[in-house]
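These notes concern the structure reproduced below.
Nothing in this text is a laboratory measurement; each read-out follows from the coordinates by a stated rule. Fair warning: this is a prediction, and the values are worked out from it, not measured in the lab. Here Cβ is always computed from backbone atoms with ideal geometry, including for glycine, and neighbour counts include all displayed protein chains.
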Amino acid sequence: MLVVKKIIPVFFLTHDNGLDEKILRLPLHKVMLQLSVYNWIIRCHKSYIINTNSVQKVTGNARGYYLHMNILDFPIPVSRSYSERVLSKVSS
């Protein structure tokens, strides 16, 4: 999810494996609070929350990792402050 001024586009899979988008008007930290019961949903960047079950591969190095998903046509950055947690969740 990319965040711009508390407007959050949320991408999700539909029943026919298509990609759909909804717009939320909430701060990202409030969205994370609501999703905290799902341990496979984590924050990876100040502007992104991911479903770790959807990550296909990780590229980059300690200076900057990127997460790749088949459903998206762009990589998702991982902030250095989140990299240890993200890498442990994605690799497990």
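Could you look through the range 72-92, keep only residues that are part of a loop (DSSP other than H, G, I, E, B) and of a type in the set (Gly, Ala, Ser), and pick out the one that is farthest from residue 40 (Cα to Cα)? Step through it out loud before you land on a result.
Here is the first cut: in the range 72-92, the ones part of a loop (DSSP other than H, G, I, E, B) are 72-75, 79, 92.
Filter once more, so that each one left must be of a type in the set (Gly, Ala, Ser): 79, 92.
Working: 79: 18, 92: 11 Å.
Here the residue is 79.
So which residues in the range 8-58 are β-branched (Val, Ile, Thr) and either touching a strand residue (DSSP E or B) at 6+ places or on another chain (Cβ under 7 Å) or at positive phi (or both)?
Step one: list which residues in the range 8-58 are β-branched (Val, Ile, Thr), which gives 8, 10, 14, 23, 31, 37, 41-42, 49-50, 52, 55, 58.
Correct list: 8, 10, 14, 23, 31, 41, 42, 49, 50, 52, 55, 58.
Report, ordered by the first and then the second residue, all pairs with beta carbons closer than 9 Å, sequence separation of six or more or different chains, a first member in the range 29-46 that is more than 18 Å from residue 79 (Cα to Cα), and a second member that is assigned to a helix (DSSP H, G or I) and charged (D, E, K, R).
From the range 29-46, the pairs are 39/89.
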